[in-house]
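Worksheet for the structure shown next.
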Amino acid sequence: MPAKTDFDIDIALYALNYATRLLVSELDPEKLVRQIIETVADFSESSEISLFNYDENDTSFSLQTAYSKGQLVESEHEFKLTPEIKKCFASKNPAWYDLQLIDNIPFPAAGPIKNQKCLCFPLVGQDNQVMGLLVLAYGLEKQFLENEMQILRVIVSLCSTCLEKTRLFKQATIDGLTELYTRRYFDVILQKEMNRLKYREGELCFLMTDIDHFKDFNDTYGHQQGDTVLKELASLCINYKKDEVERIPCRYGGEEFALIFPSLPKAKILEFVEELRQTCEKHAFSGQKKSLQVTFSGGLASITSKDNLNLGQFIKRADDMLYKAKEAGRNRIYDYSTHSIKK
Amino acid sequence: MEISTKKLNDIDVVHISGRLDAYTSEEAEKTINALLDKGTTKLLVDFAKVDYISSSGLRIMLASLKRLNRIKGSIKLANLKPALKEVFEISGFNQLFNFYENEEDAVKSFGTDSTV
(Lines give C-alpha, C1' and ligand atoms only; values in the text may rest on other atoms or scores of the structure.)
Protein backbone atom coordinates (compact mmCIF):
# COMPACT_ATOMS: atom_id res chain seq x y z
CA MET A 1 0.00 0.00 0.00
CA PRO A 2 1.44 3.42 -0.91
CA ALA A 3 2.34 5.94 1.76
CA LYS A 4 -0.27 8.50 2.70
CA THR A 5 -0.11 11.69 0.69
CA ASP A 6 -2.86 13.71 2.37
CA PHE A 7 -0.72 14.73 5.36
CA ASP A 8 -1.26 18.46 5.90
CA ILE A 9 1.75 19.96 7.64
CA ASP A 10 -0.05 23.23 8.56
CA ILE A 11 -2.85 21.39 10.31
CA ALA A 12 -0.39 19.00 11.94
CA LEU A 13 1.59 21.94 13.36
CA TYR A 14 -1.53 23.62 14.73
CA ALA A 15 -2.58 20.31 16.29
CA LEU A 16 0.92 19.92 17.74
CA ASN A 17 0.67 23.37 19.30
CA TYR A 18 -2.69 22.45 20.85
CA ALA A 19 -1.46 19.05 22.07
CA THR A 20 1.59 20.71 23.63
CA ARG A 21 -0.61 23.08 25.59
CA LEU A 22 -2.79 20.21 26.85
CA LEU A 23 0.27 18.21 27.93
CA VAL A 24 2.24 20.95 29.63
CA SER A 25 -0.82 22.15 31.56
CA GLU A 26 -1.19 18.84 33.39
CA LEU A 27 0.56 18.43 36.74
CA ASP A 28 -1.28 15.39 38.05
CA PRO A 29 0.77 12.29 37.08
CA GLU A 30 -2.31 10.05 36.64
CA LYS A 31 -4.15 12.56 34.47
CA LEU A 32 -0.97 13.20 32.50
CA VAL A 33 -0.62 9.51 31.63
CA ARG A 34 -4.17 9.56 30.22
CA GLN A 35 -3.36 12.74 28.29
CA ILE A 36 -0.20 11.13 26.89
CA ILE A 37 -2.13 8.13 25.64
CA GLU A 38 -4.78 10.38 24.06
CA THR A 39 -2.16 12.56 22.40
CA VAL A 40 -0.12 9.68 21.07
CA ALA A 41 -3.34 8.09 19.75
CA ASP A 42 -4.12 11.37 17.97
CA PHE A 43 -0.76 11.65 16.24
CA SER A 44 0.05 8.00 15.63
CA GLU A 45 -3.26 6.71 14.22
CA SER A 46 -2.72 3.60 16.31
CA SER A 47 -5.75 2.25 18.14
CA GLU A 48 -3.74 0.07 20.52
CA ILE A 49 -1.08 1.72 22.62
CA SER A 50 0.78 0.71 25.75
CA LEU A 51 3.00 2.73 28.07
CA PHE A 52 5.61 1.09 30.30
CA ASN A 53 7.69 2.54 33.13
CA TYR A 54 11.39 1.83 33.29
CA ASP A 55 13.96 2.77 35.90
CA GLU A 56 17.52 2.66 34.60
CA ASN A 57 18.92 2.50 38.13
CA ASP A 58 17.25 -0.73 39.22
CA THR A 59 16.11 -1.85 35.72
CA SER A 60 12.53 -2.26 36.98
CA PHE A 61 10.03 -2.44 34.14
CA SER A 62 6.24 -2.38 34.49
CA LEU A 63 3.06 -1.56 32.62
CA GLN A 64 1.82 1.96 33.36
CA THR A 65 -1.31 1.97 31.23
CA ALA A 66 -2.70 0.74 27.95
CA TYR A 67 -5.34 1.85 25.48
CA SER A 68 -7.37 -0.21 23.09
CA LYS A 69 -9.99 1.21 20.72
CA GLY A 70 -10.79 4.27 22.83
CA GLN A 71 -10.74 2.54 26.22
CA LEU A 72 -8.07 2.14 28.90
CA VAL A 73 -7.33 -1.54 29.50
CA GLU A 74 -5.76 -3.32 32.45
CA SER A 75 -3.84 -6.55 32.81
CA GLU A 76 -2.45 -8.71 35.60
CA HIS A 77 0.25 -9.96 33.23
CA GLU A 78 3.81 -9.39 34.40
CA PHE A 79 5.59 -7.74 31.50
CA LYS A 80 9.35 -8.20 31.48
CA LEU A 81 12.27 -6.58 29.72
CA THR A 82 13.05 -8.52 26.57
CA PRO A 83 16.15 -8.44 24.35
CA GLU A 84 14.12 -6.43 21.79
CA ILE A 85 13.25 -3.76 24.35
CA LYS A 86 16.82 -3.67 25.71
CA LYS A 87 18.06 -3.13 22.15
CA CYS A 88 15.52 -0.35 21.63
CA PHE A 89 16.55 1.30 24.92
CA ALA A 90 20.23 1.08 23.99
CA SER A 91 19.64 2.84 20.67
CA LYS A 92 17.33 5.46 22.28
CA ASN A 93 15.50 5.53 18.96
CA PRO A 94 12.16 4.14 17.75
CA ALA A 95 12.22 0.69 16.18
CA TRP A 96 9.76 -1.70 14.51
CA TYR A 97 9.16 -5.19 15.90
CA ASP A 98 6.75 -8.03 15.42
CA LEU A 99 3.60 -7.50 17.49
CA GLN A 100 2.02 -9.63 20.16
CA LEU A 101 -1.17 -8.61 21.95
CA ILE A 102 -1.28 -9.74 25.57
CA ASP A 103 -4.74 -9.02 27.07
CA ASN A 104 -5.17 -6.53 24.17
CA ILE A 105 -1.97 -4.80 25.26
CA PRO A 106 0.58 -4.35 22.47
CA PHE A 107 4.04 -5.69 23.23
CA PRO A 108 7.06 -6.36 20.98
CA ALA A 109 7.62 -9.99 20.05
CA ALA A 110 10.86 -11.73 19.15
CA GLY A 111 11.64 -12.69 15.57
CA PRO A 112 10.80 -11.24 12.19
CA ILE A 113 7.65 -9.16 11.59
CA LYS A 114 4.82 -11.45 10.46
CA ASN A 115 1.16 -10.37 10.44
CA GLN A 116 1.20 -7.22 12.52
CA LYS A 117 3.92 -4.91 13.73
CA CYS A 118 4.56 -2.44 16.51
CA LEU A 119 6.55 0.74 16.74
CA CYS A 120 8.48 0.97 20.01
CA PHE A 121 9.47 4.43 21.25
CA PRO A 122 11.85 4.70 24.21
CA LEU A 123 10.90 7.62 26.45
CA VAL A 124 14.14 9.48 26.98
CA GLY A 125 14.32 12.06 29.74
CA GLN A 126 16.91 14.29 31.35
CA ASP A 127 20.57 13.25 30.87
CA ASN A 128 19.35 10.92 28.11
CA GLN A 129 18.10 8.43 30.68
CA VAL A 130 15.46 6.01 29.43
CA MET A 131 12.37 6.26 31.62
CA GLY A 132 9.78 4.27 29.75
CA LEU A 133 8.52 2.70 26.55
CA LEU A 134 5.60 3.45 24.27
CA VAL A 135 4.38 0.62 22.06
CA LEU A 136 2.06 1.41 19.13
CA ALA A 137 0.31 -1.39 17.25
CA TYR A 138 -0.15 -1.34 13.46
CA GLY A 139 -1.09 -3.51 10.54
CA LEU A 140 1.65 -4.52 8.14
CA GLU A 141 0.66 -1.83 5.64
CA LYS A 142 1.38 1.12 7.96
CA GLN A 143 4.00 3.54 6.67
CA PHE A 144 4.94 6.93 8.02
CA LEU A 145 5.74 10.01 5.99
CA GLU A 146 8.93 11.68 7.20
CA ASN A 147 7.01 14.75 8.49
CA GLU A 148 4.54 12.54 10.29
CA MET A 149 7.32 10.58 11.99
CA GLN A 150 9.18 13.74 13.03
CA ILE A 151 6.04 15.19 14.61
CA LEU A 152 5.45 11.92 16.46
CA ARG A 153 9.04 12.06 17.72
CA VAL A 154 8.44 15.60 18.99
CA ILE A 155 5.28 14.40 20.77
CA VAL A 156 7.11 11.50 22.40
CA SER A 157 9.95 13.78 23.58
CA LEU A 158 7.38 16.17 24.97
CA CYS A 159 5.58 13.33 26.76
CA SER A 160 8.88 12.22 28.34
CA THR A 161 9.62 15.74 29.55
CA CYS A 162 6.11 16.18 30.95
CA LEU A 163 6.25 12.80 32.73
CA GLU A 164 9.57 13.75 34.28
CA LYS A 165 8.24 17.17 35.25
CA THR A 166 5.17 15.77 37.03
CA ARG A 167 7.28 13.16 38.87
CA LEU A 168 9.70 15.82 40.09
CA PHE A 169 6.79 18.10 40.92
CA LYS A 170 5.19 15.34 42.98
CA GLN A 171 8.45 14.68 44.83
CA ALA A 172 8.76 18.38 45.59
CA THR A 173 5.17 18.87 46.66
CA ILE A 174 4.33 15.77 48.73
CA ASP A 175 4.97 15.83 52.46
CA GLY A 176 7.18 12.87 53.37
CA LEU A 177 5.36 11.91 56.59
CA THR A 178 1.70 12.29 55.67
CA GLU A 179 1.78 12.05 51.84
CA LEU A 180 -0.38 15.16 51.76
CA TYR A 181 0.58 18.05 49.51
CA THR A 182 2.95 20.53 51.12
CA ARG A 183 2.11 24.05 52.30
CA ARG A 184 3.95 25.52 49.32
CA TYR A 185 1.78 23.50 46.93
CA PHE A 186 -1.34 24.48 48.88
CA ASP A 187 -0.59 28.16 48.24
CA VAL A 188 0.06 27.52 44.54
CA ILE A 189 -2.98 25.31 43.92
CA LEU A 190 -5.42 27.43 45.92
CA GLN A 191 -4.37 30.50 43.96
CA LYS A 192 -4.69 28.51 40.72
CA GLU A 193 -8.20 27.37 41.65
CA MET A 194 -9.14 30.95 42.59
CA ASN A 195 -7.95 32.07 39.14
CA ARG A 196 -9.92 29.24 37.50
CA LEU A 197 -13.14 30.50 39.10
CA LYS A 198 -13.45 33.13 36.38
CA TYR A 199 -13.69 30.34 33.79
CA ARG A 200 -16.27 28.24 35.56
CA GLU A 201 -19.48 28.52 37.51
CA GLY A 202 -19.98 27.63 41.16
CA GLU A 203 -18.00 28.02 44.33
CA LEU A 204 -14.51 27.17 45.48
CA CYS A 205 -14.40 25.80 49.03
CA PHE A 206 -11.65 24.81 51.37
CA LEU A 207 -11.55 23.41 54.86
CA MET A 208 -8.83 24.24 57.34
CA THR A 209 -8.51 21.69 60.14
CA ASP A 210 -6.48 21.37 63.31
CA ILE A 211 -6.19 18.30 65.52
CA ASP A 212 -7.67 19.01 68.96
CA HIS A 213 -5.26 19.05 71.91
CA PHE A 214 -2.43 17.70 69.77
CA LYS A 215 0.30 19.19 71.95
CA ASP A 216 -1.11 17.43 75.03
CA PHE A 217 -1.37 14.26 72.98
CA ASN A 218 2.31 14.43 72.02
CA ASP A 219 3.30 15.19 75.61
CA THR A 220 1.36 12.15 76.84
CA TYR A 221 2.14 9.57 74.17
CA GLY A 222 5.33 10.90 72.56
CA HIS A 223 6.08 12.28 69.11
CA GLN A 224 6.23 8.88 67.40
CA GLN A 225 2.64 8.23 68.41
CA GLY A 226 1.82 11.76 67.28
CA ASP A 227 3.30 10.95 63.86
CA THR A 228 1.10 7.85 63.67
CA VAL A 229 -1.98 9.97 64.31
CA LEU A 230 -0.90 12.49 61.67
CA LYS A 231 -0.39 9.67 59.14
CA GLU A 232 -3.72 7.98 59.88
CA LEU A 233 -5.72 11.19 59.82
CA ALA A 234 -3.96 12.22 56.60
CA SER A 235 -4.92 8.86 55.12
CA LEU A 236 -8.57 9.53 56.00
CA CYS A 237 -8.32 12.97 54.39
CA ILE A 238 -6.85 11.43 51.23
CA ASN A 239 -8.96 8.29 50.94
CA TYR A 240 -12.34 8.80 52.62
CA LYS A 241 -14.94 8.73 49.78
CA LYS A 242 -12.08 9.38 47.37
CA ASP A 243 -14.07 8.41 44.29
CA GLU A 244 -17.09 10.53 45.19
CA VAL A 245 -15.56 13.72 46.51
CA GLU A 246 -12.77 15.40 44.59
CA ARG A 247 -10.39 17.13 46.98
CA ILE A 248 -6.79 18.34 47.15
CA PRO A 249 -5.53 17.36 50.62
CA CYS A 250 -2.63 19.42 51.98
CA ARG A 251 -0.56 19.70 55.16
CA TYR A 252 -0.82 23.38 56.01
CA GLY A 253 1.34 23.26 59.12
CA GLY A 254 2.30 20.77 61.88
CA GLU A 255 -1.10 19.31 62.75
CA GLU A 256 -3.10 21.62 60.48
CA PHE A 257 -4.49 20.03 57.32
CA ALA A 258 -6.34 21.84 54.54
CA LEU A 259 -8.69 20.28 52.01
CA ILE A 260 -9.45 22.18 48.81
CA PHE A 261 -12.64 21.23 46.97
CA PRO A 262 -12.29 22.48 43.40
CA SER A 263 -15.45 21.17 41.77
CA LEU A 264 -18.30 20.14 44.04
CA PRO A 265 -21.33 22.16 45.18
CA LYS A 266 -21.05 23.54 48.68
CA ALA A 267 -23.99 21.58 50.09
CA LYS A 268 -22.24 18.33 49.22
CA ILE A 269 -18.97 19.57 50.70
CA LEU A 270 -20.65 20.56 53.99
CA GLU A 271 -22.11 17.07 54.20
CA PHE A 272 -18.75 15.50 53.42
CA VAL A 273 -16.65 17.49 55.91
CA GLU A 274 -19.12 16.70 58.70
CA GLU A 275 -18.94 12.99 57.79
CA LEU A 276 -15.15 13.21 57.78
CA ARG A 277 -15.21 14.77 61.26
CA GLN A 278 -17.46 12.00 62.56
CA THR A 279 -15.34 9.32 60.89
CA CYS A 280 -12.24 10.70 62.59
CA GLU A 281 -14.05 10.82 65.93
CA LYS A 282 -14.95 7.12 65.61
CA HIS A 283 -11.62 6.00 64.16
CA ALA A 284 -9.49 3.78 66.37
CA PHE A 285 -6.00 5.24 65.96
CA SER A 286 -3.29 2.60 66.26
CA GLY A 287 -0.07 2.45 68.28
CA GLN A 288 -1.31 1.82 71.83
CA LYS A 289 -2.85 -1.21 73.53
CA LYS A 290 -6.06 0.71 73.99
CA SER A 291 -7.27 2.39 70.79
CA LEU A 292 -6.94 6.15 70.79
CA GLN A 293 -9.59 8.70 70.00
CA VAL A 294 -8.63 11.86 68.16
CA THR A 295 -10.85 14.73 67.02
CA PHE A 296 -10.29 17.78 64.88
CA SER A 297 -11.88 21.20 64.50
CA GLY A 298 -12.43 22.87 61.16
CA GLY A 299 -13.19 26.16 59.46
CA LEU A 300 -14.79 26.19 56.02
CA ALA A 301 -14.59 29.12 53.62
CA SER A 302 -15.97 29.49 50.12
CA ILE A 303 -15.84 32.06 47.32
CA THR A 304 -17.44 32.60 43.94
CA SER A 305 -16.12 34.53 40.96
CA LYS A 306 -17.99 37.58 42.31
CA ASP A 307 -16.00 37.71 45.56
CA ASN A 308 -13.07 40.04 45.41
CA LEU A 309 -10.70 38.29 47.81
CA ASN A 310 -6.99 37.67 47.60
CA LEU A 311 -5.36 34.42 48.71
CA GLY A 312 -4.50 35.70 52.20
CA GLN A 313 -8.03 36.96 52.81
CA PHE A 314 -9.56 33.68 51.66
CA ILE A 315 -7.29 31.65 53.96
CA LYS A 316 -8.03 34.01 56.85
CA ARG A 317 -11.77 33.35 56.52
CA ALA A 318 -11.23 29.62 57.05
CA ASP A 319 -8.67 30.27 59.77
CA ASP A 320 -11.08 32.58 61.64
CA MET A 321 -13.76 29.89 61.52
CA LEU A 322 -11.29 27.30 62.79
CA TYR A 323 -10.46 29.59 65.71
CA LYS A 324 -14.15 30.04 66.50
CA ALA A 325 -14.74 26.27 66.33
CA LYS A 326 -11.91 25.78 68.82
CA GLU A 327 -13.31 28.47 71.09
CA ALA A 328 -16.76 26.90 70.97
CA GLY A 329 -15.44 23.63 72.39
CA ARG A 330 -13.55 21.88 69.53
CA ASN A 331 -14.56 18.78 67.50
CA ARG A 332 -16.83 20.83 65.24
CA ILE A 333 -16.77 22.65 61.92
CA TYR A 334 -17.76 26.26 61.38
CA ASP A 335 -18.77 27.55 57.97
CA TYR A 336 -17.91 31.16 57.20
CA SER A 337 -21.12 31.89 55.27
CA THR A 338 -23.44 30.77 58.07
CA HIS A 339 -21.27 30.87 61.21
CA SER A 340 -23.44 27.97 62.31
CA ILE A 341 -22.17 24.99 64.25
CA LYS A 342 -22.17 21.96 62.01
CA LYS A 343 -21.93 19.42 64.77
CA MET B 1 -19.69 10.75 21.47
CA GLU B 2 -22.93 11.62 19.69
CA ILE B 3 -23.36 13.91 16.73
CA SER B 4 -26.42 15.36 15.05
CA THR B 5 -27.07 17.99 12.41
CA LYS B 6 -29.84 20.42 11.61
CA LYS B 7 -30.45 23.10 9.03
CA LEU B 8 -31.24 26.70 10.01
CA ASN B 9 -31.99 28.48 6.72
CA ASP B 10 -28.70 28.18 4.82
CA ILE B 11 -26.65 27.34 7.92
CA ASP B 12 -25.68 23.77 8.78
CA VAL B 13 -25.55 23.33 12.55
CA VAL B 14 -23.63 20.41 14.03
CA HIS B 15 -24.25 19.37 17.64
CA ILE B 16 -21.61 17.21 19.27
CA SER B 17 -21.81 15.68 22.73
CA GLY B 18 -19.26 13.75 24.82
CA ARG B 19 -15.56 13.41 24.13
CA LEU B 20 -14.10 14.31 20.75
CA ASP B 21 -10.94 12.20 20.79
CA ALA B 22 -8.86 10.00 18.49
CA TYR B 23 -11.39 7.18 18.67
CA THR B 24 -14.57 9.21 18.18
CA SER B 25 -13.39 11.94 15.85
CA GLU B 26 -13.68 9.75 12.74
CA GLU B 27 -17.47 9.84 12.99
CA ALA B 28 -17.47 13.61 13.51
CA GLU B 29 -15.15 14.00 10.52
CA LYS B 30 -17.44 11.92 8.30
CA THR B 31 -20.52 13.94 9.32
CA ILE B 32 -18.84 17.30 8.74
CA ASN B 33 -17.20 16.20 5.51
CA ALA B 34 -20.59 15.01 4.22
CA LEU B 35 -21.97 18.53 4.81
CA LEU B 36 -18.97 20.12 3.10
CA ASP B 37 -19.25 17.69 0.19
CA LYS B 38 -22.87 18.77 -0.26
CA GLY B 39 -21.64 22.32 -0.67
CA THR B 40 -22.42 24.00 2.63
CA THR B 41 -20.70 27.36 3.05
CA LYS B 42 -22.00 28.21 6.52
CA LEU B 43 -21.09 25.75 9.22
CA LEU B 44 -21.83 26.19 12.92
CA VAL B 45 -20.46 23.68 15.42
CA ASP B 46 -22.10 23.69 18.85
CA PHE B 47 -19.81 22.37 21.61
CA ALA B 48 -22.25 22.85 24.51
CA LYS B 49 -22.13 19.17 25.43
CA VAL B 50 -18.46 18.53 24.62
CA ASP B 51 -16.26 17.80 27.65
CA TYR B 52 -12.94 17.23 25.90
CA ILE B 53 -11.46 17.93 22.48
CA SER B 54 -8.25 16.16 21.60
CA SER B 55 -5.93 17.30 18.84
CA SER B 56 -7.79 14.89 16.52
CA GLY B 57 -10.97 16.85 17.14
CA LEU B 58 -9.12 20.08 16.54
CA ARG B 59 -7.76 18.78 13.22
CA ILE B 60 -11.33 18.29 11.98
CA MET B 61 -12.15 21.91 12.75
CA LEU B 62 -8.92 23.07 11.08
CA ALA B 63 -9.49 20.93 7.99
CA SER B 64 -13.07 22.24 7.73
CA LEU B 65 -11.82 25.80 8.10
CA LYS B 66 -9.33 25.26 5.27
CA ARG B 67 -11.95 23.79 2.96
CA LEU B 68 -14.44 26.56 3.72
CA ASN B 69 -11.85 29.31 3.28
CA ARG B 70 -11.14 28.00 -0.22
CA ILE B 71 -14.79 28.56 -1.20
CA LYS B 72 -15.23 31.79 0.83
CA GLY B 73 -17.38 29.97 3.35
CA SER B 74 -17.13 30.20 7.11
CA ILE B 75 -17.18 28.10 10.27
CA LYS B 76 -18.30 29.36 13.68
CA LEU B 77 -17.80 27.64 17.01
CA ALA B 78 -20.41 28.11 19.73
CA ASN B 79 -20.79 27.22 23.40
CA LEU B 80 -17.21 26.11 24.06
CA LYS B 81 -16.86 25.31 27.74
CA PRO B 82 -14.62 27.82 29.55
CA ALA B 83 -11.72 25.42 30.14
CA LEU B 84 -11.70 24.34 26.47
CA LYS B 85 -12.04 27.92 25.28
CA GLU B 86 -9.08 28.86 27.43
CA VAL B 87 -6.86 26.21 25.80
CA PHE B 88 -8.06 27.29 22.34
CA GLU B 89 -7.22 30.90 23.15
CA ILE B 90 -3.81 30.14 24.68
CA SER B 91 -3.00 28.09 21.58
CA GLY B 92 -3.88 31.11 19.42
CA PHE B 93 -6.95 29.62 17.74
CA ASN B 94 -9.00 32.71 18.45
CA GLN B 95 -7.00 34.14 15.51
CA LEU B 96 -8.40 31.41 13.27
CA PHE B 97 -11.90 30.78 14.57
CA ASN B 98 -14.72 32.97 15.78
CA PHE B 99 -16.13 31.83 19.11
CA TYR B 100 -19.67 32.62 20.24
CA GLU B 101 -21.28 32.34 23.66
CA ASN B 102 -24.34 30.65 22.22
CA GLU B 103 -25.85 29.28 19.05
CA GLU B 104 -28.11 32.30 18.54
CA ASP B 105 -25.18 34.75 18.49
CA ALA B 106 -23.30 32.49 16.10
CA VAL B 107 -26.30 32.28 13.75
CA LYS B 108 -26.70 36.07 13.80
CA SER B 109 -23.02 36.55 12.95
CA PHE B 110 -23.43 34.76 9.63
CA GLY B 111 -25.68 37.60 8.52
CA THR B 112 -22.92 40.18 8.83
CA ASP B 113 -19.79 38.18 8.28
CA SER B 114 -19.52 35.41 5.76
CA THR B 115 -15.81 34.71 6.09
CA VAL B 116 -13.53 33.77 8.97
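Numerical summary
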read-out	value
Sum of -39500 (n - 2.57) over DSSP H runs of 4+, divided by residues of chain A (222 nm, nearest 500)	-13500 deg cm²/dmol
Trypsin sites (Lys or Arg not before Pro) within segment A:138-190: DSSP coil, no more than 14 neighbouring Cβ in 10 Å	none
HN-Hα J in Hz across segment B:64-70 - Karplus 6.51, -1.76, 1.60, θ = phi - 60°, x for Gly and Pro	5, 4, 4, 4, 5, 4, 5
Global form of segment A:90-157, assessed from the alpha-carbon gyration tensor, a/c cut-off 1.5	oblate
Heavy-atom surface of the protein assembly as shown, accessible at 1.4 Å and reported per residue (Å²)	49 Å²
Surface share of carbon and sulfur [accessible, 1.4 angstrom probe, percent] for segment B:1-61	44 percent
Qualifying trypsin sites (Lys or Arg not before Pro) for segment A:1-110 [loop in DSSP, other Cβ within 10 Å: at most 15]	A:LYS4, A:LYS69, A:LYS80, A:LYS92
Exposed-loop-free span, longest in chain B, where trypsin sites (Lys or Arg not before Pro) count as exposed if DSSP calls them loop and at most 13 other C-beta atoms lie within 10 Å	B:73-116
For A:SER46, distant residues with modelled amide H under 5 Å away	none
Cα-Cα P(r), segment A:9-171, percent of pairs per 10 Å interval	10, 42, 38, 9, 0
For segment A:136-151, Karplus couplings with θ = phi - 60° (6.51, -1.76, 1.60), whole Hz, Gly/Pro x	10, 8, 9, x, 4, 6, 4, 9, 9, 6, 4, 4, 4, 5, 5, 5
Estimated FRET transfer efficiency (A:VAL24, B:GLN95; beta-carbon r; R0 30 Å; 0.05)	0.90
FRET efficiency, 1/(1 + (r/R0)^6) with R0 41 Å, evaluated for A:ASN147 and A:ASP187 via beta carbons	0.40
Helical contribution to [θ] at 222 nm, DSSP H n ≥ 4, -39,500 (n - 2.57), averaged over chain B, rounded to 500	-13000 deg cm²/dmol
Degrees separating the helix A:223-239 axis from the principal Cα axis of chain A, which is the longest one	60 degrees
Angstrom value of the Kirkwood radius, inverse mean 1/r, which spans all Cα pairs in the protein assembly as shown	25.3 Å
Contour excess over end-to-end distance, with Cα ends at A:TYR199 and A:ARG167 and 0.36 nm allotted per residue	8.8 nm
FRET efficiency for A:GLU244 and A:GLN100, using Cβ-Cβ distance with R0 set to 35 Å, rounded to 0.05	0.35
Local electrostatic count at A:GLN126 - Lys and Arg +1, Asp and Glu -1, tallied over other residues with Cβ under 11 Å	0
Sparse-neighbourhood loop sites, GluC sites (Glu not before Pro) in segment A:112-150 - DSSP loop, at most 13 other Cβ within 10 angstrom	A:GLU141
Listed residue pairs exceeding 23 Å between alpha carbons, taken from A:LYS231/A:LYS316; A:LYS282/A:LYS316; A:LYS198/B:LYS7; A:LYS192/A:LYS306; A:LYS192/A:LYS215; A:LYS198/A:LYS316	A:LYS231/A:LYS316; A:LYS282/A:LYS316; A:LYS198/B:LYS7; A:LYS192/A:LYS215
Full-stretch length increase - B:LYS81, B:GLU27 - with 0.36 nm per residue and alpha-carbon distance subtracted	17.3 nm
Extension gain, A:GLU179 back to A:VAL73 (0.36 nm per residue minus Cα-Cα distance, nm)	35.4 nm
Nearest-ten-degree value, helix A:311-327 long axis tilted from longest Cα axis of chain A	40 degrees
P(r) tail fraction, chain B - alpha-carbon pairs more than 23 Å apart, %	19 percent
Pairwise Cα inverse-distance average, inverted: Kirkwood Rh of segment A:16-56 (Å)	11.1 Å
Segment A:183-335: equivalent-ellipsoid semi-axes (sqrt of 5 x gyration tensor eigenvalues, Cα, Å)	28, 15, 14
Shape box of segment A:54-93 [Cα atoms, principal axes, largest first, Å]	31, 21, 15
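The values are calculated or read from the model by the stated rules, or taken from the named source; none is laboratory data. The structure presented is a predicted model; accordingly, all values stated were derived computationally and were not measured. In this analysis, Cβ positions are derived from the backbone assuming ideal geometry, glycine residues included, and neighbour counts consider all displayed protein chains. Please note that ligands, DNA and RNA were not included when accessible areas were found on the heavy atoms of the full protein model with its side chains. Shrake-Rupley method; radii C 1.70, N 1.55, O 1.52, S 1.80 Å.
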